[in-house]
Amino acid sequence: MQTVFSQSLNLRAPIVMAPMFLVSNESMMREGLRSGIAATFPTLNYRNDNDLKQVLQRLLSLDKIVYSGMLGVNLIVQETNIFYKKHLEICKQAKVPLYITSLGSPQHVIEEVKPYGAKVYCDVTNMMHAHKAAAVGCDGFIAVGQGQVVMQAHIL
């Protein structure tokens, strides 16, 4: 199934495996990549720097013919995340191709990873946040439900 979204990320289907805190793991990412979808996990699932480096190295070195999906990470960009800057640096060094930002401005992530071609999608809960993310150059939005109001996803 091809859509603008799946074509922009070279996916078999327009599906993002949700980054689930303490649930998403390496085995799930491998299966998502094998299925040709965007397989994402929260970097906070790996609070030991070496563990994050190793899982990224293993996943990014998989055979791209068999594992044709796109690997992504979810970064909590809020200043209260004491791992944020360290995790961003590790992901940037590994050249992670897809980022989902949550809980703060995505501007720093966009500035750091766009030069090597990464895509940045931003969690947004309303149009105000979507406009702010678009203004700093995100590639698209992840619509987060907010009560009964749900914003429709949009690709820039």
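The values are calculated or read from the model by the stated rules, or taken from the named source; none is laboratory data. What you see is a predicted model, and the numbers here were worked out from it, not measured in a lab. Note: areas computed on protein heavy atoms with side chains; ligands, DNA, RNA excluded. Shrake-Rupley method; radii C 1.70, N 1.55, O 1.52, S 1.80 Å.
Full extension of the chain between S35 and K53 yields a length gain of 4.2 nm, computed as 0.36 nm times the residue separation minus the alpha carbon distance. Taking springs between alpha-carbon atoms closer than 10 angstrom, which of L88, L98, L22 fluctuates most in the Gaussian network model of the chain? Result for the chain, Cα springs under 10 Å: L22 fluctuates most. For K86, the aspartates and glutamates whose Cα comes closer than 14 Å to its Cα, not counting residues fewer than 8 places off in the same chain, are D49, D51, E112.
Listed by chain and number, the lysines whose C-alpha is less than 22 Å from the C-alpha of K132, apart from same-chain residues fewer than 8 away, are K85, K114, K119. The helix-based estimate of mean residue ellipticity at 222 nm for the chain, built from -39,500 (n - 2.57) per DSSP H run of four or more residues and divided by its residue count, is -10000 deg cm²/dmol to the nearest 500. Normalised by the number of residues in region 12-134, the average gap of Cα pairs under 8 Å and 6 or more apart makes the relative contact order 20 percent. Of the labelled figures [x] 21.3, 75; [y] 14.7, 42; [z] 26.9, 101, only one reflects Rg and Dmax of the Cα atoms in Å as derived from the coordinates, namely [y]. Ranking R34, R12 by solvent-accessible area of protein heavy atoms (1.4 Å probe, all protein chains present), from largest to smallest, gives R12, R34. Using C-alpha pairs below 8 Å separated by at least 6 residues, the relative contact order for region 1-54 is 32 percent. Of the whole protein surface, T125 contributes about 40 Å² of accessible area at a 1.4 Å probe radius.
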